[in-house]
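Q: Got a structure here, written out as structure tokens. Questions coming.
What follows draws every value from the coordinates through simple rules; no lab data is involved. Quick caveat, the model's predicted, so the values are computed rather than measured. For neighbour counting, all protein chains shown are included, and Cβ atoms are generated from backbone atoms with ideal geometry for every residue, glycine included.
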């Protein structure tokens, strides 16, 4: 029931928001996102901390094809639902700060995207997952293509075709799995788990899914759409992309690839983790050389999600749990960083690092907020990033020590580029651009304090999240271990 | 006896058909074509299809070929005005036609003997029998054909009666 | 024949009566105003659509020559509905045409021909229906009477269709020679794979290939689509193509099912080149009608993929796809018709910045292109999905691979047009266009179809049920 509401609310409000004009539509969207947040909190509080699928909703959709409208929530999806519903109000608030043309369409698209993403996270039917995965893509294409910056149309098209072509491989894999299911065939994910696939079949499935998700996440050689898209997208779009949308790819790895093709993962994860580690180093090194703040955060994002993906591919409890919590944290941190950069850009009209300087002496409050967010992103103890990165590195370490050493560079390099950013922007001589950051508005203060509070809260009490996902992750690992051939490897 | 008539007619029709293609003068082509039609009508007679043979002569050899001749004479086509086709086109056409003939010969040579699938009423081609069956068993296609002709007529009239002001 | 037999024939009889009535009205000049004619015919077509939902469906008449099942009735209803949409969209154009009544007679006769073709269980009736569905359309292609291109289109259409009918007839006569019967459904007991049978099958497939413009029999398509009035392009590309696809499905599964392994091979070859050539040519077109023409050529390749399925799923997926394709293509051509009627512009470049001047039309066109490209969650995605899953039954991996690659290619050029519409820089942007009410209604119906047909999956289940 609650899951159904969770999907229905944004869709209903989307229509209302389309009918409104100007800022009103933004307020409608805000109300919708707060209602969604409330529903998801209700779910979180009534959630039984075990490994079952709860809040189920199951209707037949296209019965002659075995397609069901089957929604459900387990620990893994609940964390991502919470992430989505937590961040959407912030994203909408950020967009409310400035005038947008056709704002009713803009906010309706954001709500549609929220519905799509929530659909992907709650889908228990692979077809429904695929649909939602794509439904979430179309709004972001238009958000980037219509409200983006320079050269937006070409960049958005590249992003769109890249992702859509990638997910075609997933569709093929899903249909293949569907045809393997016994009897009248079914698209249920739980049916896919029961399949006994040979190792060559698993390899094909693995690569099919991997290509789709690697584009979305993005994992190293498939990332070329990401920096340009992040840069041209309006801030809300960047937040949606980096904060929430790429988690769909990571979620897909956990939901599909690990349990359906565990042998193939065990066989190929050397290569996969290698790519992830390449991405970590590549993203960090490029981030160090960036002058554009938004681009810097975009490249750092490649590094962070690379680590999360590596944790997932290491196939142990620490790695996956670390991925779960870090997905949440990365979302919060990315949104917070993009929010602060957007604030800088809105005030001063630029986001080039060398235009700023000495903000710390202009506006201390802002400097402190930025510092905390930045430290959270680097992964300092007491902030949320620490727990996640620690668990992830621990997981990768268990798989291979050297890989963990290289992956660990993410913290060091992260500190390098982030501190460089901080030094250039906040210390030194006060530049002309910096003087525009004299004060923060009430709304900006509220948003940033809330995000900072979240960063610190999750740094101190990571168990809030870890407890939710632990049983589901254990169940997943059991499922993997049940594949008999695998016990020798693990 | 019938066999020798058949071979004779076949020879005549193929010969004239080749002549239609070969002859340079369009008027000659059309005349050869009329002869071809006559020989085919002879085939129909051999098959006891009187009605078909008659219609064939009246419609094809009579009406359509006369129209052809009119057009050719009115446009004053002759050998000199025939557009010259490039040798490449001729070559491609020869290859395509040759391949089709090869396939047909290959298929037909595989068939040892052709037996009728079931007993055929040899009298069906007579005008009386054909008329009967057309108005009983094949009533629906007959009516459908009449609508088809009616509409074809409407279409032709429309196209022929273009607006005098604009064209 | 008793009453219930007549009821089985109700759609055809109603249509034939209406056609003849209109002829009489025209002869005695009872209705002068074009608008009255238009309203009358829209009402008639609507009535035909409604008739599809009433009464008993199954039956066999004229000694098994004419058969009817619920599935066939659904096919007919889809075609009638598409015709209704075409009529609504052509309101503006026909309002000032001097031969409006004849237009309807020709159009409705073509529809009647399609109905007969679909219900025919006798190859003679089938052939007559096919001709009746083609010849009037050739005259219609010429209906922009003062345009040279339109005459050219009509001429090309009639010649190519005559040629293809010749091919078809040659194949049919060989089959008749082998089986000694004209009844299609009894062929399957007699026909077995053999040299002569395969030869005849190839001839028949060639004939069908012309009608649904498969490569290499597509050469007439782009010229005819470009030269004809847009309404006729819409009718040709949706209704004619749909009807022949249905007929092809029925012919393959009722007549020559025993030769399946052969015709799957033929479908395989035709499908691959059709998709590839259609897509490659669509990519380099500059005229939007030609662009859509080649894109429909490519779409036909996917239909062939769906036909490679089993006897239940293949017809179901084809019918479903045609329904979806009808909405998508009619939406796209509807927008093109409005634009071309208002501004006489038909180049792709004219659509640059279309979103800025005509937001609603641009969004409809975008939806249509999304659906044609098969992007979820539009109906086009579901249509392609069902075709693919049906085709997996006997299609080879190479075939599926080609089809998937072609999907990506087509994605590119459909999105290129979307990109053009949303870009800003155009020195001579299209003016803001006031579209007529009936066209708007048709476009709204199409958009609703594109958006909701896929999501309400019960429709496929229903068709599946009927096909069993």
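Q: Thinking of the range A:46-103 as a set of Cα atoms, what percent of all their pairs are more than 20 Å apart? Walk me through the numbers before you get to the answer.
A: Details: 884 of 1653 pairs.
Beyond 20 Å sits 53 percent of the P(r) for the range A:46-103.
Q: Still on this structure, please answer the following. What angle, in degrees between 0 and 90 and rounded to the nearest 10, separates the Cα long axis of helix A:442-460 from the longest principal axis of the Cα atoms of chain A?
A: Around 50 degrees separate the two axes.
Q: Let me confirm one metric for peptide C:124-136, namely the mean number of other chain beta-carbon atoms within 10 Å of its residues' beta-carbons. Could you put the intermediate results ahead of the total?
A: Values: counts 6, 5, 1, 1, 8, 3, 0, 4, 7, 1, 0, 6, 5.
Mean partner-chain Cβ count within 10 Å for C:124-136: 4.
Q: Roughly what % of Cα-Cα distances in chain A sit above 29 Å, to the whole percent?
A: On the way: 54537 of 119805 pairs.
Within chain A, distances greater than 29 Å cover 46 percent of Cα pairs.
Q: Where the centroid of each part is defined by its Cα atoms, how far is the range B:22-42 from the range B:139-154 in Å?
A: 31 Å
Q: Between B:75, B:126, B:47, which gets the highest mean-square fluctuation from a Gaussian network model of chain B, Cα cutoff 10 Å?
A: B:75
Q: So if I take the centroid of the Cα atoms in the range A:61-77 and the same for the range C:293-308, what is the distance between those two points in Å?
A: If you average the Cα positions of each part, the centres end up 31 Å apart.
Q: To check my understanding: the extent here is largest minus smallest coordinate of the Cα atoms along each principal axis. What are those three numbers for the range A:261-490, in Å, largest first?
A: The Cα atoms of the range A:261-490 stretch 65, 33, 23 Å along their principal axes.
Q: Please compute the contact order of chain A in relative form: average sequence separation of alpha-carbon pairs under 8 Å and at least six residues apart, divided by the residue count, as a percent. Intermediate values should be presented prior to the final figure.
A: Details: 847 pairs, mean separation 75.1, N = 490.
In percent, rounded to a whole number, it is 15.
Q: Nearest 10 degrees, 0 to 90: what angle lies between the long axis of helix A:126-135 and the longest principal axis of chain A (Cα atoms)?
A: Tilt relative to chain A: about 20 degrees.
Q: Given the -39500 (n - 2.57) contribution per DSSP H run of 4+ residues, what per-residue ellipticity at 222 nm results for the protein assembly as shown, rounded to the nearest 500 deg cm²/dmol?
A: Details: 50 runs with 812 residues, N = 1125.
It comes out at -24000 deg cm²/dmol, rounded to the nearest 500.
Q: For chain C, calculate the relative contact order in percent as a whole number, restricting contacts to Cα pairs under 8 Å that are 6 or more residues apart.
A: On the way: 740 pairs, mean separation 66.6, N = 468.
Averaging sequence separation for qualifying contacts and normalising by length gives 14 percent for chain C.
Q: Roughly how tilted is helix A:262-288, in degrees to the nearest 10 and between 0 and 90, from the longest Cα axis of chain A?
A: 10 degrees
Q: Where is the GNM fluctuation largest for chain B (alpha-carbon springs, 10 angstrom cutoff): B:109, B:39, B:29?
A: Among B:109, B:39, B:29, the largest GNM mean-square fluctuation belongs to B:109.
Q: Sticking with this structure for a sec: Could you grab the relative contact order for the range A:261-490? Cα pairs under 8 Å, six or more apart, rounded to a whole percent. It would help to have the intermediate numbers written out before the result.
A: Details: 330 pairs, mean separation 65.9, N = 230.
Rounded, it is 29 percent for the range A:261-490.
Q: Which of rounded, prolate, oblate describes the range C:54-174, given a ≥ b ≥ c as roots of the alpha-carbon gyration tensor eigenvalues and a/c under 1.5 marking rounded, otherwise prolate only if a/b is larger than b/c? Present the calculation step by step, with values, prior to reporting the outcome.
A: Working: a/c = 3.15, a/b = 1.35, b/c = 2.33.
Cα axes put the range C:54-174 in the oblate bin.
Q: May I ask you to order C:24-33, A:238-247, B:51-60, A:471-480 by the average number of other C-beta atoms within 10 Å around their residues, highest value first?
A: Working: C:24-33: 10.7, A:238-247: 27.1, B:51-60: 16.2, A:471-480: 18.9.
Going from most to least packed, we get A:238-247, A:471-480, B:51-60, C:24-33.
Q: Let me confirm one metric for peptide B:137-150, namely the mean number of other chain beta-carbon atoms within 10 Å of its residues' beta-carbons. Before the final figure, lay out the partial values.
A: On the way: counts 4, 7, 3, 13, 13, 2, 2, 12, 5, 0, 10, 11, 2, 5.
Mean number of neighbouring Cβ atoms from other chains: 6.
Q: Count, for each residue of C:62-74, the Cβ atoms from other chains sitting within 10 Å of its Cβ, then give me the mean as a whole number. Could the numbers behind the result be given before it?
A: On the way: counts 5, 5, 0, 5, 2, 0, 0, 0, 0, 0, 0, 0, 0.
Counting other chains' Cβ atoms within 10 Å and averaging over C:62-74 gives 1.
Q: Quick one: A:68, C:97, fewest Cβ neighbours within 10 Å first, how do they rank?
A: Numbers: A:68 22, C:97 18.
Arranged by neighbour count, lowest to highest, A:68, C:97 become C:97, A:68.
Q: Now a separate question. Report the rotationally averaged projected area of the protein assembly as shown based on its alpha-carbon convex hull, in square nanometres.
A: Values: hull surface 200.6 nm².
Here the figure is 50.1 nm², rounded to one decimal.
Q: Follow-up question, since we're still on this one. Using a Gaussian network model of chain B whose springs link C-alpha atoms within less than 10 Å, name the residue from B:27, B:157, B:66 with the highest mean-square fluctuation.
A: Top of the fluctuation ranking is B:157.
Q: Where the centroid of each part is defined by its Cα atoms, how far is the range A:171-223 from the range A:416-437 in Å?
A: 47 Å
Q: Still on this structure: Would the range A:122-230 count as rounded, prolate or oblate if I go by the C-alpha gyration tensor, calling it rounded below 1.5 in a/c and otherwise prolate when a/b exceeds b/c, oblate otherwise?
A: prolate
Q: Order of C:290, A:365 from fewest to most other C-beta atoms within 10 Å? It would help to have the intermediate numbers written out before the result.
A: Values: C:290 20, A:365 12.
By the 10 Å Cβ count, ascending, the order reads A:365, C:290.
Q: Turning to a different aspect of this structure: State whether chain C is rounded, prolate or oblate according to the following rule on the C-alpha gyration tensor (a ≥ b ≥ c being the square roots of its eigenvalues): a/c under 1.5 gives rounded; otherwise a/b larger than b/c gives prolate, and the remaining case gives oblate. Display every interim value, and only then the final one.
A: Working: a/c = 1.61, a/b = 1.19, b/c = 1.35.
Verdict is oblate for chain C.
Q: Only counting other Cβ atoms within 10 Å, I'd like C:283, A:401, C:65, A:324 sorted with the fewest neighbours first.
A: Values: C:283 15, A:401 9, C:65 23, A:324 30.
The most exposed by this proxy come first: A:401, C:283, C:65, A:324.
Q: Bins of 10 Å, beginning at zero and ending with the bin holding the largest distance: percent of Cα pairs per bin for the range B:1-81, please.
A: All Cα pairs, binned at 10 Å, distribute as 19, 42, 28, 9, 1 percent.
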